[in-house]
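Some notes on the structure that comes next.
The values are calculated or read from the model by the stated rules, or taken from the named source; none is laboratory data. Keep in mind it's a predicted model, so treat the numbers as computed, not measured. Here the Cβ positions follow ideal geometry from the backbone for every residue, glycine too, while neighbour counts run over all protein chains shown. These area figures cover heavy atoms from the full protein model, side chains too; ligands, DNA and RNA do not enter into them. Shrake-Rupley method; radii C 1.70, N 1.55, O 1.52, S 1.80 Å.
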Amino acid sequence: MQRDLSEQRVAHTQELPQGSSKKFILTCNGQRVEGFVVNYRGSFHAYVNRCCHIPMPMDWFENQFLSEDARFIICATHGATYDPATGECVAGPCPGEYLERLLLRVVEGTIFVACPPLTPP
Ligand code: FES
């Protein structure tokens, strides 16, 4: 499987205090890929913004993906509940399935995210 390894800057760590999230758009091989990053207990995790239940965006409001207590990622449509650290659906309509993780690295406070693998046609 081919992979577009180009990383793109999506946020600065100071924009994302613990328990917050931010949406971003990657351009991967000419395609627009919407993703989001969460600061979960001090660690950053990035996923494609696409629910495992029905492939649609999950945010409640712009940049809002986490539950009020910041313990889970919640899909706004039917309430699928995901572990922010692993992307695993732990409750709701798709238990055991995983959000698509995006490779992320932090360089001097800047968060970079890589494109997801290309899926064969
Ligand atoms: S679309 Fe996300 S839970 Fe149904």
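Amide H contacts of ALA80 (H built 1.01 Å from N, in plane; Pro and chain starts excluded): CYS75 sit under 5 Å, all sequence-distant by 5 or more or on other chains. From most to least packed by mean Cβ count within 10 Å, the peptides 12-24, 43-55 give 43-55, 12-24. For the chain, the dipole from Cβ point charges (+1 on Lys and Arg, -1 on Asp and Glu) about the Cα centre works out to 200 debye, to the nearest 20.
Could you look at the chain and say what percent of its accessible area is carbon and sulfur, using a 1.4 Å probe and all protein chains? The nonpolar share, carbon plus sulfur, comes to 51 percent.
Counting 0.36 nm for each residue step from GLU108 to ARG41 and taking away their Cα separation leaves a gain of 22.2 nm.
Taking only C-alpha pairs under 8 Å that are 6+ residues apart, what is the relative contact order of the chain in percent?
Details: 268 pairs, mean separation 36.1, N = 121.
The normalised contact order for the chain reaches 30 percent.
Residues in segment 7-114 average 52 Å² of solvent-accessible surface per residue, probe 1.4 Å, ligands and nucleic acids excluded. For segment 37-64 versus segment 80-116, the spacing of their alpha-carbon centroids is 7 Å. Ordered by 1.4 Å accessible area with all protein chains kept, PHE112, PHE61 run largest first as PHE61, PHE112.
The accessible area of ARG101, taken with all protein chains in place and a 1.4 Å probe, comes to roughly 100 Å².
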